[in-house]
Each structure stands twice: as structure tokens, then as C-alpha cells.
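> One structure follows; several queries about it will come next.
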Amino acid sequence: MDENQVQPTFSMPRIGEPAPEFKAVTTQGDINFPSDYKGNWVILFSHPADFTPVCTSEFMTFATMEKQFNEANCKLVGLSVDGIYSHIAWLRTIKEKIEYKGMKDVEVTFPLIEDITMEVATKYGMMMPGESNTKAVRAVFFIDPKGIIRTIIYYPLSLGRNFEELYRALIALQTADEFGIATPADWQPGDDVIVPTAGSCGTAKERMESKDEMHCYDWFFCTKKLTKATILDKIIKK
Ligand code: BEZ
């Protein structure tokens, strides 16, 4: 490209901002996003292409875990820049022919968006030309019940996602909202959680001297217990 040519601009949605709106055709009918999902968490994720092996392993895994995500008040919505007939054919092939790691007869019942025009993929910053001009990367957007983007994770084409990590992130986000805490490195439900950092010298002193439920490693780094049962009782709907 010569230096006088105008570079195309790519918008990237950001954490803390409303999820960009769109209407789309999906394998489960038309959707209005994110308004159709108000009141639910939603994970909007892209995959590079139908009929590819990494994506097939991902869809089988996500579809097998869908109930677990739904019980945490979270809906799944997939997207690639393929058309609806390709999506339908691929999902039928997965159900009828593919057996992988003990998963078989897997029906993908969450919507898969057709995005041949790349309108949605471009709006959500899922196209990364350094990686591919024709395929979306593996993007994951966690959107809260008010339609706000709360977490964004990107993986390249060759790297299949860890769906246990996506579930852990979903539960951690909801736990932070519900209990007003933060979660430390590698946190799993049942591990100690981090209480908000002291905002005054008085609170810092109190925390260091107190023998109550908190454990302080230093004045700015205090944790407390939060049982897995307490968390799941609030978050999981069975
Ligand atoms: C895959 O899903 O296997 C894949 C898709 C695009 C590029 C490389 C791998």
C-alpha cells in the first residue's frame, strides 16, 4: 500500500461499553442483538470457518456444555463469515457423522449467525487481517444482562479454546457482581476471594489489626472465604 493511501479503520468494541447492535439470520431464526438477550448473560463467539477441524472440536465441546452455561443464565451465540446453508450442512454433519472424544450425536441448538458480508464480524473486531482476510479469528465476548461487554478474549486460527476457562470466567464475573469482590489468579469457586482494597488510612489500619473473617497479606491485599455452595446457590438455576 503506498503511503498516501488511506488505511481502512477497524472498530474494536471495548470492555465496559454497550455491545454493538445488529440484526442477523441464524440457524435458529432471525435475531436482534443484544436486545433479544436482555436479562441473560450471553457469550457471542466467532469461529474461522465451517467444516474445519478445530472449529468442529470446539462446537462439539460447546454444544455438550450448553446446558451448564444455560444454568448459569448464559446463552451462547456463534458466528462465522459462512452462509446459512453451509452452517446447516456442517451442523448436520456434526450430528450425523462425527464422533470425537466420547462425544457423538451432538446437536448444536444455539444460534449460529451467517455473516457473509462480514458486517457483524467487522463491527466486533473479529476480522484481523494479519491473521486472515477471509476468516474471523476465535473471538469471545461476554455480555451482561444489561447488554454491556464485560470480557473479551481472542485466540488465533490454530488455537482451540478452553471451554472450562470460559465457564470459569462466566462464574467469576457473576460472583464479582453478586458479592462485590474480585477473584485472584487461577481462582475457582470455593477459593478465597479478594475484598476491595482499603480506600483510607483508617480502613487499612483496621484491616491489618482485625482478627475477623479477612486474611490480609498486606493492607492492600485482603481475602475472605466464600464457599462454592454460597456462590452456586446464587448463580445456578436448576
Ligand atoms: C480449524 O478450525 O481447523 C481451522 C480453521 C481455519 C484455519 C485453521 C484451522
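> Could you derive backbone 3J(HN,Hα) for segment 64-79 from the dihedral phi with the Karplus parameters 6.51, -1.76 and 1.60 (θ = phi - 60°), listing whole Hz in sequence and x where the residue is Gly or Pro?
Using θ = phi - 60°, the values come out as 5, 9, 4, 4, 4, 5, 4, 5, 9, 6, 10, 9, 10, 9, x, 7 Hz.
> Given a Förster distance of 30 Å, report the FRET efficiency between T151 and T93 from their Cβ-Cβ distance, rounded to the nearest 0.05.
0.45
> Using alpha carbon coordinates only, what is the Rg to Rh ratio of the chain, with Rh defined as the Kirkwood radius?
Radius of gyration over Kirkwood radius for the chain works out to 1.05.
> Quick one: 3J(HN,Hα) in Hz for segment 26-31, Karplus 6.51/-1.76/1.60 with θ = phi - 60°, rounded, Gly and Pro as x.
9, 5, 10, x, 6, 10
> For the chain, give me every cysteine whose Cβ has no other Cys Cβ within less than 4.7 Å, ordered by residue number.
Flagged as lacking a Cys partner: C55, C74, C201.
> Among bridges DSSP assigns within segment 22-161, what percent are antiparallel (round to 5)?
65 percent
> Convert each backbone phi in segment 188-203 into a coupling constant with the Karplus relation 6.51 cos²θ - 1.76 cosθ + 1.60 (shift: θ = phi - 60°), then list the ³J(HN,Hα) values in order as whole Hz, x for Gly and Pro.
10, x, x, 6, 4, 10, 9, 8, x, 4, 4, x, 8, 4, x, 5
> Further question on the same structure: Considering only C-alpha atoms, what is the centroid distance from segment 190-220 to segment 45-73, in Å?
40 Å
> Moving to a separate point now. If each residue of separation counts as 0.36 nm, what is the full-extension length gain between K238 and A185 once their alpha-carbon separation is subtracted?
This chain segment gains 16.2 nm when fully extended.
> Can I ask one more? In segment 77-120, what GluC sites (Glu not before Pro) fall in a loop by DSSP, with at most 13 other Cβ atoms inside 10 Å?
Hits after loop and neighbour filter: E99, E107.
> Computed over the Cα atoms, what is the radius of gyration of segment 180-235 divided by 2.2 N^0.38 Å, N being its residue count?
Scaled against compact globular proteins, the figure is 1.19.
> Run the simple label-point estimate for M103 and D36 please: 7 Å along Cα→C-beta, distance reported in nm.
Simple spin-label model gives 2.2 nm for this pair.
> OK, next. Under 5 Å between amide hydrogens, which residues at least 5 positions from T151 or on another chain qualify, with H placed 1.01 Å from N in the peptide plane?
The answer is F142.
> Restricting to the chain, compute how many DSSP beta bridges are antiparallel as a %, nearest 5.
70 percent
> Beyond 27 Å, what share of the Cα-Cα pairs of segment 22-161 remains, rounded to the nearest whole percent?
14 percent
> Would you compute, from DSSP H runs of 4+ residues alone, the mean residue ellipticity of the chain at 222 nm, taking -39500 (n - 2.57) per run and dividing by the full residue count, rounded to the nearest 500?
That comes out to -9500 deg cm²/dmol.
> Express in nm, to one decimal, how much length is gained between Y217 and Y85 on full extension, taking 0.36 nm for each residue of separation and deducting their alpha carbon distance.
41.8 nm
The numbers here are math on the coordinates, done by the rules we state, and not lab data. What you see is a predicted model, and the numbers here were worked out from it, not measured in a lab. Neighbour counts are summed over all protein chains in view; Cβ atoms, including those assigned to glycine, are modelled from backbone coordinates with ideal geometry.
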